[in-house]
1. Taking 30 Å as R0, compute the FRET efficiency from the Cβ-Cβ separation of Gln116 and Ser30 and round it to 0.05.
2. For the chain, what does the relative contact order come out to in percent, with C-alpha contacts under 8 Å and a separation of six or more?
3. Hand me the GluC sites (Glu not before Pro) from region 1-97 located in a DSSP loop with no more than 12 other Cβ atoms within 10 Å, in residue order please.
4. With only Lys, Arg, Asp and Glu charged, each at its Cβ (+1 for the first two, -1 for the last two), find how big the charge dipole of the chain is about the Cα centre; round to the nearest 20 debye.
5. Taking springs between alpha-carbon atoms closer than 10 angstrom, which of Arg26, Arg44, Arg18 fluctuates most in the Gaussian network model of the chain?
6. Return the aspartates and glutamates within reach of Lys98: Cα separation strictly under 20 angstrom, same-chain partners fewer than 8 residues apart disregarded; answer none if there are no such residues.
7. I'd like the distance separating the alpha-carbon centroids of region 1-50 and region 55-106, in whole Å.
8. Pop out the carbon and sulfur fraction of the accessible area of the chain as a percent, whole number, probe 1.4 Å.
Amino acid sequence: VQLQASGGGLVQAGGSLRLSCTASGRTFSSDVMGWFRQAPGKEREFVAAISWSGTSTYYDSVKGRFTISRDNAKNTVYLQMNSLKPEDTAVYYCAADKILSRTRWANVNEYDYWGQGTLVTVSS
C-alpha cells in the first residue's frame, strides 16, 4: 500500500498550488483521505479531510482558501491551495484510513497510511 504525493513547490504569497495524492495497493474509495502539514520545528497538523462521499472538513486557518476533493475512480485526493501565505510553508502529507467518526478526522493518530510528503514554500 502506497500513497504518492506531488505538486509542491515554491510560490509567492498570494499564489496557488494544487497538490495530488494517488493511492495504490488497494482501493481507498471508502477511506477518509486527509492532508496534514508539518513546518520546521513544529508538530504535524491537520489541514483538511474528505470522506468517500465528498463530505469535507478544514482547519480554521485554511477555510476559504483551500479546497479538498477526490476522484475515487483514480484513488486520488487533491488539495487546491489559493491565496497562499508564508505561514503555509511546510511539508504536506496525505493520509488515508477508514475512520468512522468525523470528529476524529483531524487526529493524526487515526491514520495508518501516509504519503512521503511534498514541500510547499511560500515566499513573502
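1. Working: r = 23 Å, r/R0 = 0.77.
According to the calculation, E is roughly 0.85.
2. On the way: 304 pairs, mean separation 44.8, N = 124.
Relative contact order for the chain comes out at 36 percent.
3. Numbers: sites: Glu43, Glu45, Glu87; in loops: Glu43.
In loop regions of region 1-97 (DSSP not H, G, I, E or B), the sparsely surrounded GluC sites (Glu not before Pro) are Glu43.
4. Numbers: 13 positive and 10 negative charges, 39 e Å.
Magnitude of the dipole: close to 180 debye.
5. The residue that fluctuates most here is Arg26.
6. Of all the aspartates and glutamates, those that pass the test against Lys98 - Cα under 20 Å, at least 8 places apart if same chain - are Asp31, Glu45, Asp71, Glu110, Asp112.
7. So the separation of the two Cα centres works out to 7 Å.
8. On the way: 2920 of 6310 Å².
For the chain, the apolar C and S fraction of the accessible surface comes to 46 percent.
The values are calculated or read from the model by the stated rules, or taken from the named source; none is laboratory data. Bear in mind that the values here come from a model prediction, so they are computed numbers and not experimental data. Backbone-built Cβ (ideal geometry, glycine too); neighbour counts: all protein chains shown. For the accessible areas, the whole protein counts, side chains as well, though only heavy atoms, and no ligand, DNA or RNA atoms are used. Shrake-Rupley method; radii C 1.70, N 1.55, O 1.52, S 1.80 Å.
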